[in-house]
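Let me begin by presenting the structure, written as structure tokens, before commenting on it.
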Amino acid sequence: MMYVAAVFLPLLGSIAAGLFGRFIGDRGAQVVTTLLLGVSAALAVPIFTSVALEGHSVIVPVLHWIRSGSLDVSWALKFDTLTAVMMIVVTWVSFMVHVYSVGYMAHDRSIPRFMSYLSLFTFAMLMLVTSDNLVQLFFGWEGVGVASYLLIGFWYERPSACAAAIKAFVVNRVGDFGFALGIFGIFFLFDSVSFDTIFAAAPAKANTIVHFFGIDWNAITIVALLLFVGAMGKSAQIGLHTWLPDAMEGPTPVSALIHAATMVTAGVFMVARMSPLFELSNTALMVVTLVGAATAFFAATIGCVQNDIKRIIAYSTCSQLGYMFFGIGVSAYPAAIFHLFTHAFFKALLFLGAGSVIHAMSDEQDIRRMGGIWRHVKVTWALMWIGSLALAGIPFFAGYYSKDSILEAAFASHTLVGHFAFAMGIAAAFLTAFYSWRLLILVFHGKPRADERVMAHIHESPAIMIVPLMVLAAGAVFAGWLGRDMFVGHEEAGFWRSSIEVLPSHPAMEGMHHVPEWVSMAPLVVAGSGIALAYLMYVFAPSLPGWLAGSMRRVHLFLLNKWYFDELYDWLFVRPAFRLGRGLWQGGDGALIDGVGPDGVAAATRVIAQRVARLQSGYLYHYAFAMLIGVAAFISWYVFNAR
């Protein structure tokens, strides 16, 4: 009962707020959704204790769902260590976001709808992480997609919010198409979508070959890459990342919930869940490593020049997801999930802290119009510092333990792509520290750059918004230290058990404990260098950024325009699609179908009627003449046929 309640209580809250919001009012919707999710978060703790710490994995049947031919799908809730970790992350971060939203959205006109969407999203995410088979996982996968569309476009009066929601939905559908093909491929190979059946049969299928496009392919590699395409879309990896920064059009609590701890980590969770398949394909792991490493570096470079406080943190999320994926690519699944776990707390803290700043600055989001506000918002300032210290990987905050574990594992993989990922990760660590302190300095320190009206109204956020920040800050401080031994330390094997599978031929997790000293020190050194550079450029030599932007104008524009991915996609896909659609509309539908069809018949009838109407002159001799002509024609026809 405890397991079922933990998953379905958010759904009940969503239904109550969504269908009965007019009757229970704004406060009632806030109370029912937050309370039910709080119970779910509380239940996640004993579930974690029983499943992860004590080893009592369990599968809870719910109902028999689909039976069609050999496809037999039951709806069941799978609880193992991987699920238990994700439940802690999803429920507690979502609970904090719900509490925070009570204050942040206090003056919104659609509070019940917002709270309903938040709880619906949480339920879909819980369905995803507790799924026992790929069809159920796909249900949760698409559920979080729909809920994110609703939340990003929550302020639908804004054209930019509607456009961002549509963009997120469409880009994710590209990845989801690959994911769906991967599920079809797995069913084709294994005649099942159940995880236990697939994983048991996977070693026997390791060398299965399929003939496709005239080429022989390894079947496991094909399905693993297709699954990873889905993960790339949901987790905003390079190429399918363009929706993530635009999604900042949604309310700030949405940014914290979707883009910090839950939806964007769904891809990481899915690949970790499918580790028995990915372990059988070195090619797929290599692709995951390269994509993750490229994303970590690419997103960090863009974060260095962004000016919207939420977009900086969004690109930081994209970069950190790259770390998680290249950790998975070198078979360091525990390290990747460890970083997912710690990142959830400090990134949600940063997003909600940014919301507190925006709230204080009368909805201003441009960091160039801030500065010198730390005295007015001292609690938010301190909490943002904690989040930034964790993000930069400064000892002894949470990010220090998890990010360093991934970098050490990448180096210890002793592969070319692993060393490439290590190099990209070190570069990204330097840039992460730089843009984190650029944000802190420009927002909180220096001279005020906002106008006097805004400065006169700066105030600390209410307790209902500050308390969730403090809870998340506790996670940002202690989550790494408390979880290190379990996730990646000497208790690792007993903690993860069979929820993650790593082949002996992939030694990264073992080797990470024996890397040279300089490998362990490198992330800290580059993080310190990045912080020092931020102080140099924005405190001691504030004219330097402008000079650099002017002297390296093309590089600056390249980064400011996000590597021109949006422009490239606009040229490759959007404009041709518009031209094709306009041509089919005007030339096909308008000229051909309507022109020849309904419009053509109507036009011909009208022309014939007009010509017939001209015969109706009103003169008697015209009609007599017509009758004579008719009689003559009739007699001629009769005489001709009589012969």
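The values are calculated or read from the model by the stated rules, or taken from the named source; none is laboratory data. Quick caveat: nothing in here was measured; it's all calculated off a predicted structure. Quick reminder, even Gly has a Cβ in these numbers, built from the backbone with ideal geometry, and neighbours come from all protein chains shown. For accessibility, only protein heavy atoms count, side chains too; no ligands or nucleic acids. Shrake-Rupley method; radii C 1.70, N 1.55, O 1.52, S 1.80 Å.
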Notebook entry, point to check: What helices (runs of 4 or more DSSP H) completely inside the range 493-607 contain at least 3 residues that are β-branched (Val, Ile, Thr) and more than 27 Å from the chain's Cα centre (by Cα)?
Noted result: 517-535
Next item on the list: Go through Gly387, Gly393, Gly399 for me and flag whichever is touching an Asp or Glu at 6+ places or on another chain (Cβ under 8 Å) and under 29 Å from His513 (Cα atoms).
Entry: Gly393
Check: So which of Leu35, Leu43 is without any contact (Cβ under 8 Å) to a residue 24 or more places away in the chain, out of contact with any Pro (no Cβ under 8 Å at 6 or more places or on another chain), open to solvent by 30 Å² or more (accessible area, probe 1.4 Å) and not polar (S, T, N, Q)?
Finding: Leu35
Check: Taking interchain pairs and intrachain pairs at least six residues apart, which have beta carbon atoms under 6 angstrom, with the first residue in the range 155-168 and among the polar types (S, T, N, Q) and the second assigned to a helix (DSSP H, G or I)?
Finding: Ser160/Glu249
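Yes/no per residue for (1) touching a strand residue (DSSP E or B) at 6+ places or on another chain (Cβ under 8 Å); (2) open to solvent by 60 Å² or more (accessible area, probe 1.4 Å); (3) in a helix (DSSP H, G or I); (4) more than 29 Å from Asp108 (Cα to Cα):
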site: Ala147; (1), (2), (3), (4): no, no, yes, no
site: Trp155; (1), (2), (3), (4): no, no, no, no
site: Lys167; (1), (2), (3), (4): no, no, yes, no
site: Phe177; (1), (2), (3), (4): no, yes, yes, yes
site: Leu181; (1), (2), (3), (4): no, yes, yes, yes
site: Pro203; (1), (2), (3), (4): no, yes, yes, yes
site: Val210; (1), (2), (3), (4): yes, no, no, yes
site: Asp216; (1), (2), (3), (4): yes, yes, no, yes
Next item on the list: Go through the range 522-565 residue by residue and tally those that are open to solvent by less than 40 Å² (accessible area, probe 1.4 Å) and more than 30 Å from Trp385 (Cα to Cα).
Entry: 1
Notebook entry, point to check: Among the residues of the range 351-372 satisfying the criterion of being open to solvent by 10 Å² or more (accessible area, probe 1.4 Å) and either part of a helix (DSSP H, G or I) or in contact with a Ser or Thr (Cβ under 8 Å, 6 or more places away or on another chain) (or both), which is nearest to Ser101 (Cα to Cα)?
Noted result: His359
Next item on the list: Kindly establish whether Leu383 is open to solvent by 10 Å² or more (accessible area, probe 1.4 Å) and part of a helix (DSSP H, G or I).
Entry: yes
Next item on the list: Can you confirm whether the range 493-508 contains a residue that is among the aromatic types (Phe, Trp, Tyr) and either open to solvent by less than 60 Å² (accessible area, probe 1.4 Å) or within 30 Å of Ala84 (Cβ to Cβ) (or both)?
Entry: yes
Check: Which ones in the range 406-446 are open to solvent by less than 30 Å² (accessible area, probe 1.4 Å), touching a Leu at 6+ places or on another chain (Cβ under 8 Å) and not aliphatic (A, V, I, L, M)?
Finding: Phe422, Gly425, Thr432, Phe434, Ser436
Item checked: Members of the range 611-643 found to be assigned to a helix (DSSP H, G or I), open to solvent by 80 Å² or more (accessible area, probe 1.4 Å) and among the polar types (S, T, N, Q), listed by number -> Asn641
Margin query: Here is a list: Ser255, Ser281, Ser235. Which entry is more than 25 Å from Gly475 (Cβ to Cβ) and open to solvent by less than 10 Å² (accessible area, probe 1.4 Å)?
Written below: Ser281
Notebook entry, point to check: When Arg375 is evaluated against the numbered criteria (1) more than 17 Å from Phe325 (Cβ to Cβ); (2) assigned to a helix (DSSP H, G or I); (3) open to solvent by 10 Å² or more (accessible area, probe 1.4 Å), which criterion, by number, is the only one it fails?
Noted result: (2)
Next item on the list: Among the residues of the range 298-313, count how many are more than 16 Å from the chain's Cα centre (by Cα), farther than 11 Å from Leu560 by Cα and crowded, with 21+ Cβ neighbours inside 10 Å.
Entry: 3
